[in-house]
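One structure is given below, encoded as C-alpha cells.
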C-alpha cells in the first residue's frame, strides 16, 4: 500500500545574513512525506528544525533566504515560486501551526474574525456560508458554544483553547499538509495530551499529512510514522519510528535517546550524557558536526563531513561508521570503549530511610495574593496561589514538587526562601519558625538556603563578571573579599565543572547549560544546606539537561545537600527526587516516595498526569486518561475538592467538602474522598 | 466602568491639586511681588499705600488662607479677577482659549495626516532611498527649533513672495479666510516637530510589530502583504504612537507661547507669559489650571483610543 | 556541613593576579568603543561635531576674532564679508564671535541640566520602582503634576519668577526634565526587580541599596544614556526659547536664543542675523539627536 509522495525536500539550504556575514542555518536537508503520513523533525535548539519548516512555506524573516535545494509539492518547486503564487498555496494547501498560541494570534481581533479571514482569502463564500464554516470549525476542534466563543479575543482563552483556534485556522481550507512547529511545547502536559489527541483524530478524519517539528522524543514516539533527526542544521538520521527507538543508527540519536530520564530509568545510576553543547551557527565544527561531542569520533570525523548513507529498510544515517570501508577504524573504538564506565557513578545517596532527620518543616502554608479594585484599592478577593500546604524535607534528601503551570509550586519555593511573605501557616527550619527571623538573623539564615532558577539567561546579571556573580554572596556575608573572593569563585567554578579561568568572563560568553552551572556555583557559595531548584533543567536541551541532573546528584553526594526540586517534568522528578509531592491549584493532592508514586498513583489527578506524559517508546501504547478542560482560575477555585471539575470519578461529596489527607501506607498520603 | 472613571477623576484631582498648590505657593514665596510692581511707577510710596493695595488685592492674608479662599471660589467656578485689569479671569481665558485650541487642533491634525502615512511608507520601503530621506527629514524636524523655523518661513515668504500673514486676529467664525491665513503658518510650524516624532515612532513601532509571531500566522494563511500591514500590523503598532501623541501635545501647547508671540496671536500662551512677568497671580493660577485640565482631557482621549484599538485595554 | 571544597592544586593563580577586575572592565569598554566606531558611522560624526562645539566653547577667546560684547558703531548690521564672515548685528557686534561664545551658554545649560535631572530623576525613579506602594504613589503623582503642565510653560513660569539668569534657566529646565528620567528608570527598575538575578541576590541576603546599586542602575544605563543625549538637545532648544522670550540668559551675554530674539526685529533687512545663530543651534541639536539614535541602535540589539 505504497502511498503517493506529496512533498519532497531535496538538498535544502537556508542562509541568514548576520553582522558577521552569511551563516548556514540549515544545510542539505532532504526528506519526503507521503499522503496521510506523519513525519517528525526532531532536534535540539539551533538544529534548524524550525527554519526547515519555515523554509518550506517561504515564511523566513527578511534576513533569511533559501540558498539552494528544492521543495517539490505537486510538481511545483516552492523554493522558486513567486510571492504571489506561494500565497495561493499557504493556508490553502499547506497550513502551519506554531509553538506559542498566545503570541501567534492577533490580540486585537476576535477568534471568529481570524478564522473567517483565511476563508475570505482562499474561498469565495457568502457571508452566511462563511459564518457556518466558522462555527463548524470551532466545533471540530472542540471549542464548545461557538456562537458566543467566536466573539472572544485571544486573551480571553486559555493556552489550550488558543491552540485549538490555531488548528481551526490551519484546517479551515482542508490543506493536504499541516506543518506543526512545536505545537504543544508551551502547553501543560494534560493539555498537550488533549491537543495531540485532537491532531491525531483530525488526521484520521481528513487524511492530512503532518510534519511535526519537535524537540520532545516522547511526542515523536507517540505521533510519528517516520522521523528525521536533525543536528546543527543537517539531517543526521532518517528512519521509521519503531526502528529509530529500537536501534538508532547515528551516535547522536543513540545518545539523545539514552540521555532522557524515563519512568523506568535507574535512579541510582548517572544518566548518559552528551558532553559539551550544541554549537552555535558561527562556530560550526569541521568535518562531522557532531564529532566534538561523539563518543566514537575518529580522525576522519574531524576532517570530512560524512554523506547521508542509505541503509536497509529505507533508513539513512550521516555517520562514517556506516561506510563499510571504514568499519575497521571504528571497530577498534567500539571494542575498547565501554560507554557506561566512562561516566563516574554518583556517590550513594547520603539520604537513607534509616536516619531521617527533619531539616525543614512546612505546616499549612498559605499565600494569598490580594486582588485589588476600586479607588481605595480595596481587597475584593485573593488568588490563593498556595492554599494550605504541608510537607517536610529531610536532611540530604531530594523532595520533588510537581504540578502544572499555576499550581503554586514556584510560589511554594519562594515562600520557603522568604523571598515572599507567608500569609498563614509556618515554615520551620531546624525547628525554628522562619517568620521569627529578622534583620541580622534572617541574613544569617539566608546563607543556609539558596535557589537555582529555570531561565539561565535572566538569572545572571549581564553587567557583572562571572567572578563577581559567584562571589556576591561571599561579599554580602563578608566571608571573603578581594583576591580571596575571586579564588573562591574559581574553586566553585571547578566544582561545577567549569574552569577557574572563567571568573573574568561575562555571562553572554557562555551557553545555556554553562550558565546553569554558574547559577549552581553561585548558589553553593555560602555552603548552603538546602537548594531550591525551580525548574532548574526545564529550559535546557535534552542533551544538556542530563549533564546538569548528574551534576546536581554528584554535588548532593559530596556536600550532603538537600534539594527541593520543583518541576513540571514528571520523568525528571522521578529520576532525581526521593519523594514527590503532587500539587494542584495550590494544594498538595498526593505525597509518596517516587517509586510508589509511579507504580501506585492513587489520586485521580496524579493518575491522569502520569498517563499524559508521552513515553519515548513507540511500542508502549498506554491507556490515556484525558482530562477535560483547563486548570480553573486560582482566583475562583472550585468548591470542595478543587479537582472535582475535571475528575471523572467526582461524586456529590467532592463538590462540597474539602478532602482530608489520608495515609495510604508509610509516607504515602492522598487527599481524595474516593480513597478509603 | 463607573469605577474606572471615578478612579481616573480622583487621580486627576490629586494631580491638579499638587500642581496648583505648587504654582500658588512658589509664586508668592519668590521675591518680587505684584504690589511693588504696580507701585513702581508712582514714585515715593508710603507704607500705608502699600498696605492698602495689599488688602485691596487680598494679599494681606496668610498664603494658606489665600489658598483656601481661592480653592473655595474655584470649586464654584470663580477663578478671581486679574490684579491688573480687574477683569474676571474666566472672561480673559474664554476670550483667548479658542485661539490656542484652534492652533493646537490644526497642528495635530496636520501632523497626523502627514506623519502616519509617511511612517508607514518609510517602514514598508525600509532601507531604500526614500526611507532614508524620510528619516533624515524627520530627525531634522526634531532638531530645528520651531521659533527659528517660524522666522525663516516669514523671511522666506516676505522676501520671495512679498506675503506677510494679515496682522491682528480674526476669529474663524467672523472671517474664516483671514483666520486661516493667519493660522496656517503657526500651525505648520507647530506641526513640524510633532510630525517628526510621529514619523519616527510609527516607523519603528510598525517594524517591531512586523517581527511579531502573529504576523507570521497571517502570512501563513496566504494573506497579501497589504492585508498583513493595513489590517493587522498597523493597528497593533498604533498604541505607542498614540501614547507619543498624548505626551507631545504638552510640548505642542508649550510651543504655542513662543509661536503666539512671533505671530502676535492672542492665545493663552501669551496670557500666561504676561501673567507671570507681571505677577498676576489669579491669571497664572487659572491658566495653569486650564493647562492641567487640557492634559487630563488629552489623557482621557488617549485612554479611550487605547480601549478602542486594543480589547485588552478596555476597562471591565 | 562539609569543609570548604578542596583547592584545585592546578589553579592558575598567576594568571588571575595579572588580571584585575578593573583592567577587565577597561578592556571591555575599549572593545565596546571600537565596536561603536565600527558600526555607528553617524554616531561618530555627531560625536565629532559635539567635540568641535566643546572645543569652540573651551577656547572661545582664542578662536573668536572679535569681542562678543563690545559694540562697534562703525560696523552696524553688515552683511557677511571676509572681515565678518557671518556679518554683524544691530549693535555692530560680530555674529561669528557671538556664536562661538554662545556655545558656552548652550553647553553649560545642557550639561548642568542633563546631569542634575539625570541624577535626581534616576534616584526618584529607582526608589519609586523598587519600593512601590505608597512611596511610588506619592512620587508618581508629583511627577504627573509636573508633566501635566506643558514643559515650556513650566520652565517659563519658573524662569520668569526667578528672573533672567543662566542659573535660573538651569533650575527651571532641571525641574522640567526630572520626570522623564524618573519615568524611564522606574520602568526599568520594575523590570529588573523581576529578574532572577535580583531574586538570587535577595536570597543571598542583599538589601535594597545593594540591589539598586549593583543590579539596578548598571542594567538601566542604556536607556538613561539615550534619554540623556536627547534631553541635551532639547535643553539647548529650551534655553534658546527662554532667551528668545527674554527670560533666559540676560543680555548682553551671547546666547543663540537671545541673538535670534534681537534679530527678529530686523528679519527683512538683515536675514543673516536670523540665519546663522539658528543654523548653528540646529546643527548642535541635530548632533545630539543623531548621537541619541546611534546610541539606541548600539545599545539595544533588538532594534535594527
> If you take the residues in segment A:514-539 that are part of a loop (DSSP other than H, G, I, E, B) and surrounded by 24 or more Cβ atoms within 10 Å (Cβ to Cβ), which one is farthest from the chain's Cα centre (by Cα)?
Replying inline: A:525
> If you check B:312, B:203, which single one turns out to be over 30 Å from residue A:78 (Cα atoms) and at pLDDT 90 or above?
Replying inline: B:203
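For (1) within 14 Å of chain C (Cβ to nearest Cβ); (2) assigned to a helix (DSSP H, G or I); (3) in contact with a helix residue (DSSP H, G or I) (Cβ under 6 Å, 6 or more places away or on another chain), each residue gets a yes or a no:
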residue: B:13; (1), (2), (3): yes, yes, no
residue: B:23; (1), (2), (3): yes, yes, yes
residue: B:31; (1), (2), (3): yes, no, no
residue: B:37; (1), (2), (3): yes, yes, no
residue: B:51; (1), (2), (3): no, yes, no
residue: B:65; (1), (2), (3): no, yes, no
residue: B:69; (1), (2), (3): no, yes, no
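Every residue, every condition in (1) at the interface with chain C (Cβ under 10 Å from one of its Cβ atoms); (2) more than 21 Å from residue A:557 (Cβ to Cβ), yes or no:
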{"position": "A:445", "(1), (2)": "yes, yes"}
{"position": "A:450", "(1), (2)": "yes, no"}
{"position": "A:458", "(1), (2)": "yes, yes"}
{"position": "A:465", "(1), (2)": "yes, yes"}
{"position": "A:469", "(1), (2)": "yes, yes"}
{"position": "A:478", "(1), (2)": "no, yes"}
{"position": "A:506", "(1), (2)": "yes, yes"}
{"position": "A:521", "(1), (2)": "no, no"}
{"position": "A:527", "(1), (2)": "yes, no"}
>> Quick check on segment C:89-99. Is at least one of its residues assigned to a loop (DSSP other than H, G, I, E, B), in contact with a strand residue (DSSP E or B) (Cβ under 8 Å, 6 or more places away or on another chain) and surrounded by 14 or more Cβ atoms within 10 Å (Cβ to Cβ)?
In response: no
> What tally of residues in segment C:123-158 results from selecting those that are touching a residue at least 40 places away in the same chain (Cβ under 8 Å) and either more than 19 Å from residue C:184 (Cβ to Cβ) or at the interface with chain B (Cβ under 8 Å from one of its Cβ atoms) (or both)?
Replying inline: 4
>> So the check is Cβ under 6 Å with 6+ separation or different chains; which pairs have a first residue in segment B:172-196 that's in a loop (DSSP other than H, G, I, E, B) and a second one that's crowded, with 18+ Cβ neighbours inside 10 Å?
In response: B:172/B:179
>> Which condition from (1) in a helix (DSSP H, G or I); (2) in contact with a helix residue (DSSP H, G or I) (Cβ under 8 Å, 6 or more places away or on another chain); (3) within 11 Å of chain B (Cβ to nearest Cβ) is the one that residue A:168 breaks?
In response: (3)
>> Being within 30 Å of residue B:160 (Cα to Cα) and within 24 Å of the chain's Cα centre (by Cα) narrows it down to one residue among C:212, C:237, C:224; which is it?
In response: C:237
>> Of the residues A:65, A:70, A:99, only one is in contact with a strand residue (DSSP E or B) (Cβ under 8 Å, 6 or more places away or on another chain), crowded, with 19+ Cβ neighbours inside 10 Å and either on the phi < 0 side of the Ramachandran plot or within 14 Å of chain B (Cβ to nearest Cβ) (or both); which?
In response: A:99
> Can you pull out the residues in segment A:74-92 that are away from chain B (no Cβ under 14 Å) and buried (at least 19 other Cβ atoms within 10 Å of the Cβ)?
Replying inline: A:79
> Only one residue in B:105, B:149 is away from every other protein chain (no Cβ under 14 Å), surrounded by fewer than 22 Cβ atoms within 10 Å (Cβ to Cβ), touching a helix residue (DSSP H, G or I) at 6+ places or on another chain (Cβ under 9 Å) and assigned to a helix (DSSP H, G or I). Which one?
Replying inline: B:105
> Got a sec? Which helices (runs of 4 or more DSSP H) wholly within segment C:186-304 have at least 3 residues that are in contact with a helix residue (DSSP H, G or I) (Cβ under 6 Å, 6 or more places away or on another chain) and more than 7 Å from every other protein chain (Cβ to nearest Cβ)?
Replying inline: C:221-245, C:256-263, C:271-299
> Is there a residue being within 25 Å of residue C:177 (Cβ to Cβ), under 13 Å from the mean Cα position of the chain (by Cα) and in a helix (DSSP H, G or I) anywhere in segment B:262-269?
Replying inline: yes
>> Given the condition farther than 20 Å from residue A:359 by Cβ and facing another protein chain (nearest Cβ under 9 Å), answer yes or no: does some residue in segment A:529-545 qualify?
In response: no
>> Quick test for you: out of A:142, A:197, A:160, pick the one residue that is in a loop (DSSP other than H, G, I, E, B) and either touching a strand residue (DSSP E or B) at 6+ places or on another chain (Cβ under 9 Å) or in contact (Cβ under 8 Å) with a residue 24 or more places away in the chain (or both).
In response: A:142
>> Restricting to segment B:219-242, count the residues that are at the interface with chain A (Cβ under 7 Å from one of its Cβ atoms), over 16 Å from residue B:310 (Cα atoms) and in a helix (DSSP H, G or I).
In response: 2
> For segment A:481-496, which residues satisfy the criterion of being surrounded by fewer than 17 Cβ atoms within 10 Å (Cβ to Cβ) and either within 10 Å of another protein chain (Cβ to nearest Cβ) or at pLDDT below 85 (or both)?
Replying inline: A:481, A:482, A:483
>> Please pick out the residue among B:249, B:284, B:276 that is at the interface with chain C (Cβ under 10 Å from one of its Cβ atoms), surrounded by 17 or more Cβ atoms within 10 Å (Cβ to Cβ) and under 18 Å from residue B:106 (Cα atoms).
In response: B:249
> Taking into account only those residues within segment A:272-314 that are outside any loop (DSSP other than H, G, I, E, B) and touching a helix residue (DSSP H, G or I) at 6+ places or on another chain (Cβ under 6 Å), which is farthest from residue A:553 (Cα to Cα)?
Replying inline: A:309
> When residue B:209 is evaluated against the numbered criteria (1) closer than 30 Å to residue A:59 by Cβ; (2) free of Cβ contacts under 8 Å to residues at least 24 places away in the same chain; (3) within 14 Å of chain C (Cβ to nearest Cβ), which criterion, by number, is the only one it fails?
Replying inline: (2)
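The values are calculated or read from the model by the stated rules, or taken from the named source; none is laboratory data. Remember, it's a predicted structure, so these values are computed and weren't measured experimentally. FYI the Cβ positions are ideal-geometry reconstructions off the backbone, even for glycines, and counts take in every protein chain you see.
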